[in-house]
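Derivation of every value follows stated rules applied to the coordinates shown; laboratory data play no part. Quick caveat, the model's predicted, so the values are computed rather than measured. We place every Cβ from the backbone using ideal geometry, glycine too, and count neighbours over all the protein chains shown.
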Amino acid sequence: MYLNGGDGRSPAEAADNSAALAPLPDTFAALWALLRHQDSAVRLRAVDAAEKASRTEPALLQPYKDDLIQPILEDGAPELSCHLLIMATRLDLNADEAARLMRRLEDAVFNNACDLVRKEALSGAFSVASRHRRLAIRARDLAKGVASRASGELAERARELLSGG
């Protein structure tokens, strides 16, 4: 299964063991259920494995669209938030869903305490806008606001996105 082969390191440091597994909808459903596990370590390993599996099979995420558009799985852990935001930008969305996701991304940029989450949300806004052109102005305005008010890596990422990077 997706969580096999792990060790005591954090999910970010662990080897990419799950990426080589063939993602199957049934096993992915079992993995997704672990995102609600009471143990935060299990949630983090599960979200890391789900994110890796969705790199090659983003369609696996479609049944969990609502979980990803709304922050219902959030538990305050920046690692979990980052993975969820990354996966959300891989969804095949209609215009209404894309607008809802953009609101979530904007909220994360403005209100999340973690700069890494804010940076992922900002990048995600541009990713969504690239597939839903009517959201491009919102993504650019978001980055302009960040570039003028933030500092450090977040402001640098905003400037990169505004320049086409």
Phi angles of segment 68-81, converted by Karplus (6.51 cos²θ - 1.76 cosθ + 1.60, θ = phi - 60°) into ³J(HN,Hα) in whole Hz with x for Gly and Pro, give 8, 6, 9, x, 6, 8, 4, 10, x, 7, x, 4, 5, 4
Two pseudo-spin positions, 7 Å from Cα along C-beta at SER148 and at GLU57, lie apart in nanometres by 4.6
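Could you work out how much longer the chain between ARG100 and ARG159 gets when fully extended? Use 0.36 nm per residue separation minus the Cα distance between them, nm to one decimal. List each step's numbers first, then the result.
Values: separation 59, 0.36 × 59 = 21.24 nm, distance 2.44 nm.
Gain on extension, ARG100 to ARG159, equals 18.8 nm.
Please state the shape class of segment 96-157: rounded when a/c is under 1.5, otherwise prolate if a/b exceeds b/c and oblate if not, all from the C-alpha gyration tensor. Kindly include the intermediate steps, with their values, before the conclusion.
On the way: a/c = 2.15, a/b = 1.58, b/c = 1.36.
Prolate, since a/c reaches 1.5 and a/b exceeds b/c.
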Per the 1/(1 + (r/R0)^6) rule, R0 = 25 Å and r from the Cβ atoms of ALA77 and ARG134, FRET efficiency to 0.05 is 0.15
Helix 152-162 sits off the longest principal axis of the Cα atoms of the chain, rounded to the nearest 10 on a 0 to 90 degree scale, by 70
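Starting from 0.36 nm per residue, how many nanometres of slack lie between LEU116 and LEU24 once their C-alpha separation is accounted for?
Contour length minus the Cα-Cα distance gives 30.1 nm.
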Along segment 116-129, Karplus-curve 3J(HN,Hα) (6.51, -1.76, 1.60; θ = phi - 60°) to the nearest Hz, with x for Gly and Pro, reads 5, 5, 4, 5, 5, 5, 5, 4, x, 4, 5, 5, 5, 5
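Is the shape of the chain best called rounded, prolate or oblate, per the rule: a/c under 1.5 gives rounded, else a/b larger than b/c gives prolate, else oblate, with a ≥ b ≥ c the square roots of the Cα gyration tensor eigenvalues? Don't skip to the end; give the middle numbers.
Working: a/c = 2.04, a/b = 1.56, b/c = 1.31.
The shape class here is prolate.
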The helix 95-111 Cα axis meets the longest alpha-carbon principal axis of the chain at an angle in degrees, between 0 and 90 and rounded to 10, of 80
In degrees, nearest 10, the alpha-carbon axis of helix 40-56 is tilted away from the dominant principal axis of the alpha carbons of the chain by 70
Excluding residues fewer than 8 positions from LYS144 in its own chain, the aspartates and glutamates with Cα under 12 Å of it are GLU156, GLU160
